[in-house]
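Asks: Just passing along the structure, written as C-alpha cells.
The values are calculated or read from the model by the stated rules, or taken from the named source; none is laboratory data. The model shown is predicted, which means the values in this text are computed figures rather than measured ones. Note that each Cβ is placed from the backbone with ideal geometry, even for glycine, and that neighbours are counted across all protein chains shown. Please note that ligands, DNA and RNA were not included when accessible areas were found on the heavy atoms of the full protein model with its side chains. Shrake-Rupley method; radii C 1.70, N 1.55, O 1.52, S 1.80 Å.
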Amino acid sequence: MNQFVLPTAELLHSRGEAQNAIHERAAQVTRSRFGHTVFVRAVVEISNFCRENCLYCGMRRNNRALKRYRAKHEQIADLLIHHRPESVTDVNIQAGEDPVAVREVALPLIRTLHQHTDLGISVCLGILDHALYAQLKEAGATLYIMKFEMANPVHYAELQAPGTFEKRIAHIHHLAATGWNLSSGFIAGLPGQTDDELIKNFSLAADLPLDGISVSPFIPGDETPLSSAPLSDVNLTLNCMAALRLMRPDRVIPSISALNLADPGNGYRRGLRTGANLVTINLTPSELRGDYLLYKRDRFIMTEERILTAIAAEGLIPSSQSLADFYRAKKVNGKHVDQRQAGAVMKPEAP
Ligand code: SF4
C-alpha cells in the first residue's frame, strides 16, 4: 500500500468543469514545482527492428510488411552535433528491442555525443542484458526509459507486451539499483482495460523508483491485430496525466506526440496545460521516420517549429538546464533523493 493519493475512476473520467478544475490544479502544481520552463529534448529513432511482438505496435516482429532499417551512427551524430536546434539540451535514443542496433548504432553514437557535446543522453531500447546496460552507462547515457505498459500481468501477457510483466519490473528495479535515472509509463484506454486496472497503474507508478513518468493514449496501430479497435479518448489520457502530476509533483512528465493523433491539433498543447513539463522534437532523418511505426504511418511529427510554437502559446519557455543535469542535481552523494524520504511530497486534496 503506498502513501500517495490515488485517483478515483470518477476523476479519471471527469469532463467539463470538474475536469478543467483538475487540469488547472495539475498545471499549478507543475508551475510551482518547475516554474514556467519545460525541458526540450530531441528524439532519434535509430532502428525499427524489434524481437518483440506486442499486439498494439506496428513494429512487432510479425509485421512482415514493414521495411526495417538501422540508422548509421555517423549520420545521426553529424545531425546532432552540427544541426540540432538551439533549444535542445538532451537527446533520447530510441529503437525497437534490437540489441544489434544497441551495439552497432547506439553505443558508438553515445560515445561520440558524449565526447563532442554536452547533451544529456537518454535511451529507450527495451529489455537488454545487464552487461549492455552497463556499456550504455559507461558510454555516457544517464537516463533509461522503460515503460511498464500496464500493471495487470494477465492483460500484459494477453497483449504480448515485451518479455513478461515480472521481468520488465525486475529490469526497472535493476536499472535504478545500478545508478540510472529512470522514466516509465503506461497506456491509457487499451482494449479491455477496466477502471481498476487503470488505477493499479498509478499505484505501481507511485511505488517504482522513477524520476519521470508518462502516459500514452491507446492508438489502434496500423498493421497490428488491434488496428480496428476503438481509439482511446484523449480526455482519459489527459486526466491520467493530471492525476500523475497531483500524485507525484516531483516527477518529469512529457507531453507526447501521440496526444496529437488522439486529438488532432489540440492534444499536445492540452498536455502542456495538464501538468507536462517535457517536450520532444523529432530529429529522426525524414527518410527513416515513416517506417518507425509505433502507431500510424501518417505520423504527427513534432518539429522544432511546432514545439516552440506550442510552448510559447502556453506561456512557457525552454529550460536552459538539461534534463540530465536536473536529475544529477537531485542526487545527493550519488544517491537519488526520493521525495518520499525527503518528506517533500505535496498531498493533493483527495480527488
Ligand atoms: S512496443 Fe516496443 S517492444 Fe513492443 S513491438 Fe513495439 S517496439 Fe517492440
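Asks: Those residues that are open to solvent by less than 40 Å² (accessible area, probe 1.4 Å) and either at pLDDT 90 or above or of a type in the set (Ser, Thr, Tyr) (or both), I need them from segment 327-351; list them, please.
Replies: We begin by selecting, within segment 327-351, every residue open to solvent by less than 40 Å² (accessible area, probe 1.4 Å); these are 327, 330, 338-339, 345, 348.
Scanning segment 327-351 gives a single hit, TYR327.
Asks: If you don't mind, there's one more thing I want to ask. From the list LEU259, LEU278, LEU294, pick out the single residue that is open to solvent by 10 Å² or more (accessible area, probe 1.4 Å) and among the aliphatic types (A, V, I, L, M).
Replies: Exactly one of LEU259, LEU278, LEU294 is open to solvent by 10 Å² or more (accessible area, probe 1.4 Å) and among the aliphatic types (A, V, I, L, M), namely LEU294.
Asks: Restricting attention to segment 48-72, which residues are in a loop (DSSP other than H, G, I, E, B) and closer than 14 Å to GLN94 by Cα? Walk me through how you get there before you give the answer.
Replies: First, pick out the residues of segment 48-72 that are in a loop (DSSP other than H, G, I, E, B): 48-69, 71-72.
Scanning segment 48-72 gives ASN48, PHE49, CYS50, MET59, TYR69, ALA71, LYS72.
Asks: Can you pull out every residue in segment 205-233 that is open to solvent by 10 Å² or more (accessible area, probe 1.4 Å) and of a type in the set (A, V, I, L, M)?
Replies: Matches in segment 205-233: LEU226, ALA229, LEU231.
Asks: Moving to a separate point now. Please work out which one of (1) in contact (Cβ under 8 Å) with a residue 60 or more places away in the chain; (2) assigned to a helix (DSSP H, G or I); (3) of a type in the set (A, V, I, L, M, F, W, C) is the condition ALA205 fails and give its number.
Replies: (1)
Asks: When you scan segment 184-195, how many residues do you find that are open to solvent by 40 Å² or more (accessible area, probe 1.4 Å) and touching a residue at least 40 places away in the same chain (Cβ under 8 Å)?
Replies: 1
Asks: Any residue at all in segment 27-46 that's crowded, with 21+ Cβ neighbours inside 10 Å, farther than 24 Å from LEU119 by Cβ, away from the ligand (no atom under 16 Å from the Cβ) and not hydroxyl-bearing (Ser, Thr, Tyr)?
Replies: no
Asks: Still on this structure: Could you count how many residues in segment 264-286 are among the aliphatic types (A, V, I, L, M) and more than 16 Å from VAL88 (Cα to Cα)? Before the answer, list the steps.
Replies: Going residue by residue through segment 264-286, those that are among the aliphatic types (A, V, I, L, M) are 272, 276, 278-279, 281, 283.
Narrowing the set further to residues that are more than 16 Å from VAL88 (Cα to Cα) leaves 272, 276.
Within segment 264-286, residues that are among the aliphatic types (A, V, I, L, M) and more than 16 Å from VAL88 (Cα to Cα) number 2.
Asks: Here is a follow-up. Name, by its number, the condition in (1) away from the ligand (no atom under 16 Å from the Cβ); (2) part of a loop (DSSP other than H, G, I, E, B); (3) surrounded by 15 or more Cβ atoms within 10 Å (Cβ to Cβ) that does not hold for LEU80.
Replies: Against the list (1) away from the ligand (no atom under 16 Å from the Cβ); (2) part of a loop (DSSP other than H, G, I, E, B); (3) surrounded by 15 or more Cβ atoms within 10 Å (Cβ to Cβ), LEU80 comes up short only on (2).
Asks: Tell me the helices (runs of 4 or more DSSP H) entirely within segment 231-338 that contain at least 3 residues that are over 20 Å from GLY185 (Cβ atoms).
Replies: Numbers: elements: 234-247, 258-262, 267-272, 286-289, 304-313, 323-329.
It comes to 286-289, 304-313, 323-329.
Asks: Something else about it: Taking VAL100, is it within 16 Å of the ligand (Cβ to nearest atom) and farther than 30 Å from SER320 by Cα? Talk me through it step by step, then tell me what you get.
Replies: Numbers: within 16 Å of the ligand (Cβ to nearest atom): yes; farther than 30 Å from SER320 by Cα: yes.
Yes: the conditions hold for VAL100.
Asks: Consider LEU109 against the criteria (1) within 16 Å of the ligand (Cβ to nearest atom); (2) assigned to a helix (DSSP H, G or I); (3) in contact (Cβ under 8 Å) with a residue 24 or more places away in the chain: it satisfies all of them except one. Which criterion is unmet?
Replies: Just one mismatch for LEU109, condition (1).
Asks: Which of the residues spanning segment 163-190 are within 16 Å of the chain's Cα centre (by Cα) and in a loop (DSSP other than H, G, I, E, B)?
Replies: Listed by number, the list holds a single entry, TRP180.
Asks: Hey, another quick one. Got at least one residue in segment 137-145 being open to solvent by 10 Å² or more (accessible area, probe 1.4 Å), in contact with a Lys or Arg (Cβ under 8 Å, 6 or more places away or on another chain) and within 30 Å of THR309 (Cβ to Cβ)?
Replies: Yes, that holds for at least one residue.
Asks: Within segment 159-177, which residues are away from the ligand (no atom under 14 Å from the Cβ) and open to solvent by 60 Å² or more (accessible area, probe 1.4 Å)?
Replies: Listed by number, the residues that qualify are GLU166, HIS173, ALA177.
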